[in-house]
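Colleague: Please read through the structure below; I'll follow up with questions.
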Amino acid sequence: MVSRVQNTTQPIVTRFAPSPTGYLHIGGARTALFNWLLARGAGGKFLLRIEDTDRQRSTEDATRAILDGLTWLGLDWDGAPVSQNANVRRHAEVVDELLAKGRAFRCYMTEEDAAAERQVAFSEGRALRSPWRDRPGSETPADTPFTVRFRAGDDDIIVEDAVQGDVRWKGKEFDDLVLLRSDGTPTYNLAVVADDHDMGITHIVRGDDHLVNAARQAQIYDALGWQRPVFAHVPLIHGPDGKKLSKRHGALGIEAYRDLGYLPEGLRNYLLRLGWSHGDQEYFTDAEAQAVFSLSGLNKAPGRLDFDKMASVNAHHMKLADNARLLELVSPWCEKLAEGLDTGSTAFRARLLAAMDVLKTRASTLAELAEQAYFLFRPVPIVLEGKAAKPLNGDAPELLARLLPRLEALPHWASAPLHAELEAFTEAESIGFGKIGAPLRAALTGGAPAPDLSLVMEWLGRDEVLRRMADQIKTGV
Ligand code: GLU
């Protein structure tokens, strides 16, 4: 058996190998993330291979969606993506190599023959073995279609998995696997081994639904005398109810999380922790994650999707995010809240940037950030109705009318002098703060969520504050 212990001086090369039949699944995204971290942390390479040999199901759109998803998530790959389908000739060459070594053989069973053999094998408690495996070449019929099958061995197969430990199968559990179909196209496990070998893959992290494939692939590696890569099969993600993740749990594609307003780094951090741990550390920057990521931290038990947790991890990254970047990211969300809003305008940008340090601590997603910021850009005049208009009942408009000239006269427009002026006003009027605070808040924000009033006034700026107050004074008197 070829040693599976990796030479430590060998640079790490990992890959992500999606089948382009849909979108980038959240589980696939996590697999890609693990492989990316392993490579990036070691200064190795992270390669991408599109497993597009199923010509019926593979589409260009799906490939694009997967590349877009990875790009959005910030998982950059090295070199151009490899198309598995482009390698079919090479796959056939590898099959020839196995034939030459006597580890594969031509099999002339028809489908009916195979079905009958399978029945016999089943009744004997073993997997199918082709009667052609030991026939001498002289007996092979001419001009008859054949498949090429792997000559399964009788020995136990052991995969030393970095997550699952040593996993053992009995040799008789494996049939003589078809490597090349009668139309000359390679089958899945053969193609994967050939490509992984040729791409120099040293470590394969993937879902544990591929564990049995690893046993098949390990046999092919060994038969070719190729060094097996390190395998790490991670448990699949489960839904909040502990059941295997499915559509009924909600969003499965990575783009759905982008469209809910998660930050890529927030989702990266969440997915990292969903299946991997490093002590009890919850939050990781990329640099931290790359520095400490290792296969030994991968969990054996499946992680459960927890949307509250996802939001709180994202909230942490919202706080760390650069304000100018957040402004760009939140702008489309703001446009959704206020029709016709010009997010390129100086006023919009200045207000949001001024408020960003505070607002970003109050939102767990970009969608929430836009809601938090709404008062800064909502259409004016603000029309207050029903409950929202209540704070402006009674003598509130007169109070606002008396406050307005005092604010207008303030020499310096900033939260501290504004706060002091509001206090001075309540004293002069002999009223509690709420008496002016509530109508002022209604006039300035329309009741939308907003932090401290004097900050709200600073961010809106003098002209806008006076204008919004005047609007309500006009309506009220
Ligand atoms: N194409 C396979 C999938 O999408 C992955 C194969 C592999 O990682 O070896 O599940």
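We did not get these values from a lab; they are worked out from the coordinates using the rules stated. From a predicted model like this one, the values you see are computed outputs, not experimental measurements. Don't worry about glycine lacking a Cβ; one is built from the backbone with ideal geometry, like all the others, and counts go over all protein chains shown.
Colleague: Using the Karplus curve 6.51 cos²θ - 1.76 cosθ + 1.60 with θ = phi - 60°, what ³J(HN,Hα) values do you get for each residue of the range 390-398, in whole Hz, with x for Gly and Pro?
Modeller: With the stated coefficients, the range 390-398 comes to 3, x, 9, 6, x, 8, 4, x, 5 Hz.
Colleague: For the range 55-192, what is the relative contact order in percent, using Cα pairs closer than 8 Å and at least 6 residues apart in sequence?
Modeller: 24
Colleague: Also, quick follow-up: May I ask you to derive the relative contact order of the range 296-376, considering only C-alpha pairs under 8 Å and at least 6 residues apart, and to give it as an integer percent?
Modeller: This gives 38 percent for the range 296-376.
Colleague: Sticking with this one: Mind sorting Tyr221, Tyr283 by how few other Cβ atoms lie within 10 Å of their own Cβ, fewest first?
Modeller: With the sparsest Cβ surroundings first, the list reads Tyr283, Tyr221.
Colleague: Mind running the shape call on the range 331-455? Use the C-alpha gyration tensor, a ≥ b ≥ c as the square roots of the eigenvalues: rounded below 1.5 for a/c, prolate if a/b tops b/c, oblate otherwise.
Modeller: Verdict is prolate for the range 331-455.
Colleague: Return the loop-located GluC sites (Glu not before Pro) in the range 309-391 (DSSP other than H, G, I, E, B) with at most 11 other Cβ atoms within 10 Å of their own Cβ; answer none if there are none.
Modeller: Glu339, Glu385
Colleague: Between Ser182 and Asp306, what is the label-to-label distance in nm when each label sits 7 Å out along the Cα-to-Cβ direction?
Modeller: 5.4
Colleague: A further question follows. Return one number: the angle in degrees, 0 to 90 and rounded to the nearest 10, between the long axis of the Cα atoms of helix 111-123 and the longest principal axis of the Cα atoms of the chain.
Modeller: Around 90 degrees separate the two axes.
Colleague: Another question about this same structure. Using the Kirkwood radius built from alpha carbon pairs, what does the Stokes-Einstein equation give as D for the chain at 25 °C and 0.890 mPa s, in µm² per second?
Modeller: Stokes-Einstein gives a translational diffusion coefficient of 91 µm²/s.
Colleague: Can you give me the long-range amide H partners of Asp161? Hydrogens built in the peptide plane at 1.01 Å from N, cutoff under 5 Å, separation of 5 or more residues or another chain.
Modeller: Under 5 Å from the amide H of Asp161 lie the amide H atoms of Asp166, Val167, each far enough along the sequence or on another chain.
Colleague: Between Ala142 and Glu339, how many nm apart are label points set 7 Å from Cα along the C-beta direction?
Modeller: Those two pseudo-labels are separated by 8.0 nm.
Colleague: Using alpha carbons only, how many degrees (0 to 90, rounded to 10) separate the axis of helix 307-320 from the longest principal axis of the chain?
Modeller: Between helix and principal axis, roughly 60 degrees.
Colleague: Helix 188-198 sits at what angle to the longest principal axis of the chain, using alpha carbons and giving 0 to 90 degrees rounded to 10?
Modeller: Long axis of 188-198 versus the principal axis of the chain: about 80 degrees.
Colleague: A further question follows. What share of Cα pairs, in percent, lie more than 27 angstrom apart in the range 1-157?
Modeller: 49
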